[in-house]
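Notes to accompany the following structure.
The values are calculated or read from the model by the stated rules, or taken from the named source; none is laboratory data. Because the structure is predicted, anything quoted here is derived from the model rather than measured. As a convention, Cβ positions derive from the backbone with ideal geometry for all residues, glycine included, and neighbour counts pool all protein chains shown. The protein model used for the area step is the full one, side chains on, heavy atoms only, and it has no ligands, DNA or RNA in it. Shrake-Rupley method; radii C 1.70, N 1.55, O 1.52, S 1.80 Å.
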Amino acid sequence: MCMSAQVFSAPKEVVIGSVVPLNGPFATLGKPLAEGASACFDYVNENGGINGYRVRFEVQDDSFDPKMTVSKTQELISTHSPVALLNTAGTLQNAALIQSGVLSRANIPLVGPRDGSSTVRGLQSKNHYFLIAGIAAEADKIVNVSATIGRKRMVAVYSDDGSGREALAQIERAAEKSGATLVARYPVPAGLKDIPDIARKVAADQSLQQVLVYGVTPLVAQFYKEIRTLRPALPVTSFSTTSHAAIVDILGAEGSRGLMLTQVTYPTSSALQIMKDFRAAMDLQQIPEVRINNLHLEGFLAARVVVEALKKIKGVPTPEAMAAALDQLHKTDIGGLNYDFSNGRREGSSFVQIGIIGPQGRLMN
C-alpha cells in the first residue's frame, strides 16, 4: 500500500522585539523587563497563541548606551521584522531613538518605554506608548508624602547623568510646590567611589529628615548600606528605577530592610485578573517569588498590551496594523486594568505608590 507523505506546516510567527541593557550596572533594569515580557509571551504561546500566531520575542542588549540603542534597534528591525518593540529604557536612549528617526521610518510602535522623563515625553513621539507615570509624578509622591508627615528638610542624591539631572529637576520642582526645603544636592559620578564621602556628609547634617536617591540599583544599594551604618534612622526613598529584588540580592534581606521604593505599577498581590495571570506566567519561568519585582510586572504589562492589540488585527500583523490597533484601545479592560491610547493619547497611567522593604526582604505596600 502506498501512503502519501504527510506535510506539516510550520506555525505562523509574529515577532516582538526589545532593546534593553542586559549587561553592566543597568542590567538590573533591563533583565527583569525582558523576563517579564518573555513570561507573558510564553504564557500566551502555551495557551494557543493569538489568532493562529505564536509570538517570537527577540531581545538585544544596548548596555544602556544611546548609540547602541539606536544601532541595535535598527539591526533588530532589519533582521527580524518585528511588528512592535517593548520597554526601551533610559532618557537618553529613548531620546536618541526619537531623534534618529529609526522608529518613525519603520512606523513601528514602542510599547511601555521605561522612561519617566518630561524630556522624552515632551518630544511627543507618535511611536511611543507609555504605560507608567512620569518621573514628575514619582517626585511629587515622595515629596508630598514626606512633607505631609513633617519631613520637610530633604537632600537629593542622584546619578550625575541625564536621567539623574532630570530627576533632580523634578525633585526641586516638587519641593518648591510642597513647601519643603532641599537642603543639599549630591551628584554621584560614574564609578560610585564618591558614595562613602557623600553618605558621611548626609549623615553629619542632623537637620535632615528625608533622603531621596535616584540612580542605578548598585548606587542606591551602596548609599543605603553606608547611611544605615552611619545614621540608621534616617528615611531613604528611591525611585522606581531601583530593582527591589536586586537590592535584596546585594544587601540581603536584613540589610535592605526599611528602604522605601516608589512603584508605578499596581502591586503584585492585587486580586485583579491580570495579576493572577502575571503570577501564573512567572511560575512558568520558575522565578522565585522573592526575586520578582515591579520591573518584571512592567515588562509583562507592556507585553499584555501588545497581545491585546494583536487580537484586534484582522489579517497579517504589521507595524502599521499594530499602531492602528493600539490607537483603538479606548479604556480597554486588560485583566482589570484600563489603558486608553485613543485620540492621540500616549500616556496610559498616572499611578504611583510607595512601598517599603520589610521582613524577609519582601516589598510591602
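Reachable lysines from K331, Cα under 29 Å, same-chain residues fewer than 8 places away excluded?
Candidates past the 8-residue exclusion: K126, K141, K276, K311, K312, K314.
List the trypsin sites (Lys or Arg not before Pro) in region 158-263 that DSSP assigns to loop (not H, G, I, E or B) and whose Cβ has at most 12 other Cβ atoms within 10 Å. Which are they? Working shown, then result.
On the way: sites: R165, R173, K177, R185, K193, R200, K201, K225, R228, R257; in loops: K193, R257.
Answer in residue order: K193.
For region 1-123, what proportion of DSSP beta bridges, expressed in % and rounded to the nearest 5, is antiparallel? Don't skip to the answer; put the middle values down first.
Values: 1 of 16 bridges.
Among the beta bridges of region 1-123, antiparallel pairing accounts for roughly 5 percent.
Take the chain, connect every pair of alpha-carbon atoms lying under 10 Å apart with a spring to form a Gaussian network, then pick out the residue of S240, S178, S117 with the largest mean-square fluctuation.
Answer for the Gaussian network model of the chain: S178.
I want the local charge near G252. Using Cβ-Cβ distances under 14 Å, sum +1 for each Lys or Arg and -1 for each Asp or Glu among the other residues. Write out the running numbers ahead of the final one.
On the way: positive: K225, R228, R257, R291, R362; negative: D249, E254.
Local charge sum for G252: +3.
Along Cα→Cβ, 7 Å out, is where each label goes; now give me the distance between the ones at E46 and E75 in nm to one decimal.
Distance between label points: 3.1 nm.
Where the accessible area of the chain is counted over protein heavy atoms with a 1.4 Å probe, how much of it, in %, is carbon and sulfur?
Numbers: 7820 of 15430 Å².
Roughly 51 percent, rounded to a whole number.
Using alpha-carbon pairs under 8 Å, 6+ residues apart, how would you state the relative contact order of region 9-107 in percent?
Working: 148 pairs, mean separation 37.8, N = 99.
Relative contact order here is 38 percent.
Going through the cross-link list K12/K72; K193/K225; K67/K193, which pairs have a Cα-Cα distance over 20 Å in this structure? Mind showing how you got there, number by number?
Values: K12/K72 25 Å; K193/K225 14 Å; K67/K193 26 Å.
From the list (K12/K72; K193/K225; K67/K193), the Cα-Cα distance tops 20 Å for K12/K72; K67/K193.
Indicate, rounded to the nearest 5 percent, the antiparallel portion of the DSSP beta bridges found entirely in the chain.
Working: 10 of 45 bridges.
Bridges in the chain that DSSP calls antiparallel: roughly 20 percent.
I want to check the label-to-label distance for A280 and E13. Put each point 7 Å from Cα in the C-beta direction and report it in nm to one decimal.
Computed distance between label sites A280 and E13 equals 2.6 nm.
Helix 135-148 versus the longest principal axis of the chain: what is the Cα-based angle in degrees, 0 to 90, to the nearest 10?
Result, in degrees: 40.
Give me the one-decimal nm value for the distance between modelled label points at K126 and Q99, 7 Å along each residue's Cα-to-Cβ direction.
My value for the distance between the label points is 2.2 nm.
Springs between alpha-carbon atoms under 10 Å, Gaussian network over the chain: tell me which of Q124, Q285, Q170 tops the mean-square fluctuations.
For the chain, modelled as a Gaussian network with Cα springs under 10 Å, the answer is Q124.
So with the 1.4 Å probe, I'd like the accessible area per residue for the chain, rounded to whole Å². Present the calculation step by step, with values, prior to reporting the outcome.
Working: 15430 Å² over 365 residues.
Heavy-atom SASA per residue in the chain reads 42 Å².
How big is the gap, in Å, between the Cα center of region 63-103 and the Cα center of region 209-264?
Result: 30 Å between the Cα centres.
Just to be sure I understand: with springs between alpha-carbon atoms less than 10 Å apart, which residue in N94, N47, N294 has the highest mean-square fluctuation in the Gaussian network model of the chain?
Its mean-square fluctuation being the largest, the pick is N47.
Label point 7 Å out from R362 along Cα-to-Cβ: which residues of region 271-313 have amide N under 14 Å?
Answer for this model: 289-292.
Can you find, among A271, G336, G258, the residue farthest towards the positive end of the dipole of region 257-365? Put +1 on the C-beta of Lys and Arg, -1 on that of Asp and Glu.
Final value for the positive-end residue is G258.
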